[in-house]
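Each remark here refers to the structure printed beneath this line.
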Amino acid sequence: MSGRNGPHTRLVHGGRKAQGTVADLVNPPVERASTVLFARAEDLYDAKPGQRYYGRFGTATQAALRAAIGDLEGAADVVLAPSGLAACTLALQALAEPGKHMLVSDSVYGPTRAFCDGVLSRNGVEITYFDPRAGAELAAQCRDETCAIFLESPGSLTFEINDLPAIADLAQARGIPTLIDNTWAAGWFLKPLALGIDYSIQAATKYHTGHSDVLMGAIAARTEERAKVIRDHARLTGNAVSPDDAYLVLRGMRTMGVRLERQQQSALKIAQWLSGRPEVARVLHPALPEHPDHALWQRDFGGASGLFGVILRPVSEAQVYACLDALTLFGLGFSWGGYESLAIHCDAQIKRTARPWKAEGPLVRFSIGLEDADDLIADLENGLAALG
């Protein structure tokens, strides 16, 4: 598809001409298959590039989704995974080697951190967690044996912004692959591959799907050489996603840009309202001028999604639960990025080793959906009143 088309046009048309799709259908077919038949016995071991030869490696349905995500991210190729966490762990495993060293942002997604500590470390990979606000000075922590730098921007729960161009520059100078969990911006508001990052990882469970009913992950690679590393490891480990799930994620992507722009607008309005409330000590939203990384966000991002955090004034855990239990429009549940609004208490999830986490009070995270912002504000007003 022509790069001259606008972003919404590209989302609508992305993947529609992928290998094996049907030209006269708006949506790709859902092709379910394990076995692919060959005309001649000798062809089984002589499959041509792009030729289907086993269902685990995908059909036209997965090919269409990979093409659409690749177009969105500006990637050479995309590898799909059964969940966002699976995409993170697949990419990390592909780059890890016993005796090597990885640098991981201290504010990375908790389950990704648990994988680093519980699997990679146990298999001889040394993990160093670094201050998420480190930029060019991260060079001092790089070693000859450093095999990857893993980022997440904004940081999970606490919303720090990484200096991506500075980190990409120092990594490229040393030949170190860089990876980022780019789920918050969904590949829509941030293009890390264009900034020199090697891999952009998505939990397509979130904004891509948009309806809180599918689990999916994706790894978009900046170059074909980088893509092959992940692709080969995915095949060796039996990684696969179902065509039905791929179809639902692709269908969700068609409206992702419209949803994100609506959620951005509502979230910013609500964040601004919360920043003026006496019950709130700070709002963690990088699009607000008072956010410490606002300048980096303005430089690198094209907008903000619907996810942000709020640090309350000092109150007890019981008071936080009373506040959340008083909400009627916000659901209480993990994940985010769907059409519905969610809220969770975050303190139990926060783990830091590079720099201690300090806050005036409890941290609550909000995912803003497609409800009317004024209705959500009224719901939050009731919840804050329950703090007592």
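The values are calculated or read from the model by the stated rules, or taken from the named source; none is laboratory data. Worth saying up front: this structure is predicted, and the values here are computed from it rather than measured. Note that we place each Cβ from the backbone using ideal geometry, even for glycine, and neighbour counts take in every protein chain shown.
Taking residues in region 85-112 that are in contact (Cβ under 8 Å) with a residue 24 or more places away in the chain and more than 15 Å from Ser153 (Cα to Cα), and partners anywhere that are part of a loop (DSSP other than H, G, I, E, B) and acidic (Asp, Glu), the pairs with Cβ atoms closer than 8 Å and at least 6 places apart or on different chains are Gly99/Glu145; Lys100/Glu145; His101/Glu145. Checking each residue in region 364-380 for being crowded, with 19+ Cβ neighbours inside 10 Å and outside any helix (DSSP H, G or I) picks out Val364, Arg365, Phe366, Ser367, Ile368, Gly369. When region 314-337 is filtered for residues that are part of a loop (DSSP other than H, G, I, E, B) and free of Cβ contacts under 8 Å to residues at least 60 places away in the same chain, the ones remaining, listed by number, are Pro314, Ser316, Leu327, Thr328, Leu329, Phe330, Leu332, Gly333, Phe334. Scanning region 83-96 for residues that are closer than 16 Å to Arg174 by Cβ and surrounded by fewer than 21 Cβ atoms within 10 Å (Cβ to Cβ) gives no hits. Could you list, ordered by first residue, the pairs with Cβ atoms under 9 Å in which the first is in region 246-266 and acidic (Asp, Glu) and the second is surrounded by fewer than 21 Cβ atoms within 10 Å (Cβ to Cβ), at least 6 apart or interchain? Here the result reads Glu261/Gly303, each pair linking region 246-266 to a residue that is surrounded by fewer than 21 Cβ atoms within 10 Å (Cβ to Cβ). Annotation note: Cβ proximity below 8 Å between a residue of region 274-289 that is outside the structural domain of Asp374 (by TED's automatic domain parsing) and a residue that is in a strand (DSSP E or B) and charged (D, E, K, R) (sequence gap 6+ or interchain) occurs for no pair.
Applying a threshold of 6 Å to beta carbon distances and a minimum spacing of six or more residues, or different chains, the list of pairs starting in region 220-242 at a residue that is at negative phi and ending at one that is surrounded by fewer than 18 Cβ atoms within 10 Å (Cβ to Cβ) reads Ala221/Ala76; Thr223/Ala76; Glu224/Ala76; Ala227/Ala76; Ala240/Arg56; Val241/Pro82. When the helices (runs of 4 or more DSSP H) confined to region 57-129 are screened for residues that are touching a strand residue (DSSP E or B) at 6+ places or on another chain (Cβ under 7 Å), those reaching at least 3 such residues are found at 60-73, 84-95. On the stretch given as region 170-186, residues that are outside any loop (DSSP other than H, G, I, E, B), surrounded by fewer than 19 Cβ atoms within 10 Å (Cβ to Cβ) and of a type in the set (Gly, Ala, Ser) total 1. If you go through region 192-211 and keep only what is outside any strand (DSSP E or B), within 23 Å of Tyr339 (Cα to Cα) and either in contact with a Pro (Cβ under 6 Å, 6 or more places away or on another chain) or of a type outside the set (Ser, Thr, Tyr) (or both), you end up with Ala204, Lys206, His208, Gly210, His211.
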